[in-house]
Amino acid sequence: MRARVRVGRLLGTLAAVCTLAPSVARADDAPRQALLREGTIINVELAQTIKSNGTDSGDPIMFHVVSDVYSSDESHTLFIAKGSIAMGHVLVGRRRSHIGKSGKLTFAIDYAMATTGRRIYLRAEKGGGSGDSNKTFSIAATVLFGYAGLLIQGKDIRFNDGTQFVTYVDQDAVMTIAPVATTPAATGAPLSTTVPAAASAPTPN
């Protein structure tokens, strides 16, 4: 009888351990946050050609991010992938006039798309903080240097597809990194254990 009781207790203990093991949480399973700091450089390039004599105020402008952008902290998390879409819009598109007034093209590069699908807002100037005055590129036909894709045609302005611009993150952005699910199966531990039924202990003579 004592043997049967001991076997029963052992089976009960094993069942409890096998039931509880899959629910044990790992300390590194908690969500983490990655930071992209204000002022981080984001290089973008035009995905289309824009001209002072062929654009109107409010017209959208598409760009692509030139290279991968990683978080500013030690996690080195990919925030914006190379080739991601960035969007801007035309503020002023003025063609040259017949009286000799030069063309003008003013536009803003508004945001780039992060790997999570959220918008990372951009500005044109490194310092100065957020504000509309820091978000615009204003190019007049008198500008001859500084942009490899800039063409002056009879005092009208044209930027070719592929022209690159340097922009800056407008404000700190935080990304939550979901933990990687860890199961006993992933670590080689069984999900459950089947213990064979114990044979009846022989009755002492």
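The figures follow:
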| quantity | calculated |
| --- | --- |
| Where labels lie 7 Å past Cα in the beta-carbon direction, separation of THR106 and VAL92 in nm | 0.4 |
| Label-point gap, in nm, between ALA81 and GLU45 - each point 7 angstrom along Cα→Cβ | 1.8 |
| In nm, spacing of pseudo-spin labels at THR116 and ASP161 (7 Å Cα→C-beta vector) | 3.3 |
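Computed from the coordinates by the stated procedures, all read-outs in this text should not be read as laboratory data. Predicted model, so just to flag it, every value in this text is computed and none were measured. Counting neighbours? That spans all protein chains shown, and the Cβs are built from the backbone with ideal geometry, glycine included.
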